[in-house]
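One structure is given here, and the rest of the page talks about it.
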Amino acid sequence: MSKSSSLRRIQADIRELSIDPSDQYHAAPLDHDMFEWHFTIRGAPDTDFAGGVYHGRILLPPEYPFKPPNIVFLTPSGRFETNTKVCLSFSSFHPELWQPAWGIRLILEALISFLPTPADGAIGALDWTKEERQKLARESVKFRCPVCCAQGRTCVDLLPDVKPKKQGSGEKKTKFHEEIEKLKMLQFQNHAVEEDDNDGDGGSDEQRMTHKSKRETSEEESKVPSSDNNDLKGKAEAHVINETSLAQQPEQTNTEVSSSVDVNHEANTGSTQLQVAASDTTNANRVHPGAIANAPLVSDHFLNGMIAALAVLVIVLLRQAQTLVEELRSFEN
């Protein structure tokens, strides 16, 4: 999918949220990176998270909406780890369940709905006590995001102040209610499969070892690099620059996204097939960990690139040898 198509979909999400806002959640992309969104959600009433306000990041892939996002919480909640890509049935950990028709609004409503659900040992999930979660909910209203909260504001100030008829009441079923309930069921079923594997009833030893390997890989990849966390301060400064002088703000991040989307086209027009091999290797690192076990050890493009490189090297060496022989003959004469 081209960058322009992804951006059109993102702009549609922005318009949809602005036309029909909710007092229960808010989300918007960064000024300098349309593929990174920051969200703020309220904890549902009559739960351990009632009165809490939770902030985080939605990291859209270049292939959005055909691939699901990564979701990272920044506010401590006792339900999800902070600065960690959390495993949910609508996040990048389960691309097989994702539907392109889903968008930012469904993600926000699903996050609110998933807060009071059991952690069930999922990656990035926590199962703290009711008292601990209620304490964190009270403290959450003081949380300030260095990117979104300027001039003494908190994340609470980011939530829209809408009229009662527009409010997302906790008792009112939204248009995504049925889909979110299905996602909860899928999350529960995935956990049941994992428990069967752990209990020894989930298939052969080889299948259980494969599942364990996939989970370990997923846990390793779920950690947000420290450089990304440290970069929040830099993004906050860039955010301020955009507010004061948007014309002076370079679109470096969007350029990087464009290059990642069009990497295959650039490789095909390169001077050697080694660029194709490098492109495939980079893309392979972005594959969902669930597909790693079934992926070939070495891609065909990589082998073709190596063979082409060796062929070029042999030709160069032969020409150098021929030149050397001719020089020796001329020296003898």
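Restricting L60, L126, L115, L136 to residues that are over 17 Å from H38 (Cβ atoms), in contact with a Pro (Cβ under 6 Å, 6 or more places away or on another chain) and among the aliphatic types (A, V, I, L, M) narrows the list to L136. What do you reckon, is P95 in a strand (DSSP E or B) and either modelled with pLDDT under 95 or surrounded by fewer than 21 Cβ atoms within 10 Å (Cβ to Cβ) (or both)? For P95, the condition - in a strand (DSSP E or B) and either modelled with pLDDT under 95 or surrounded by fewer than 21 Cβ atoms within 10 Å (Cβ to Cβ) (or both) - is not met. Say whether the condition of being touching a residue at least 40 places away in the same chain (Cβ under 8 Å), more than 25 Å from S5 (Cα to Cα) and in contact with an Asp or Glu (Cβ under 8 Å, 6 or more places away or on another chain) is met by at least one residue in segment 85-107. Yes, segment 85-107 contains a residue that is touching a residue at least 40 places away in the same chain (Cβ under 8 Å), more than 25 Å from S5 (Cα to Cα) and in contact with an Asp or Glu (Cβ under 8 Å, 6 or more places away or on another chain). Just one of the numbered conditions (1) modelled with pLDDT under 95; (2) of a type outside the set (D, E, K, R); (3) under 16 Å from the mean Cα position of the chain (by Cα) is not true of W102: (1).
Checking the conditions here, which among P76, P62, P29 is at pLDDT 95 or above and over 29 Å from V141 (Cα atoms)?
P62 is the lone residue from the list that is at pLDDT 95 or above and over 29 Å from V141 (Cα atoms).
Looking only at segment 112-128, filter to residues that are β-branched (V, I, T) and touching a helix residue (DSSP H, G or I) at 6+ places or on another chain (Cβ under 7 Å); which one of those is farthest from V53 (Cα to Cα)?
Start the filter on segment 112-128 by keeping residues that are β-branched (V, I, T), which leaves 112, 117, 123.
Imposing the further condition that a residue be touching a helix residue (DSSP H, G or I) at 6+ places or on another chain (Cβ under 7 Å) reduces the set to 117, 123.
On the way: T117: 17, I123: 22 Å.
Here the residue is I123.
The values are calculated or read from the model by the stated rules, or taken from the named source; none is laboratory data. This one's a predicted model, so the numbers in the text were calculated from it and none came from an experiment. Note that we place each Cβ from the backbone using ideal geometry, even for glycine, and neighbour counts take in every protein chain shown.
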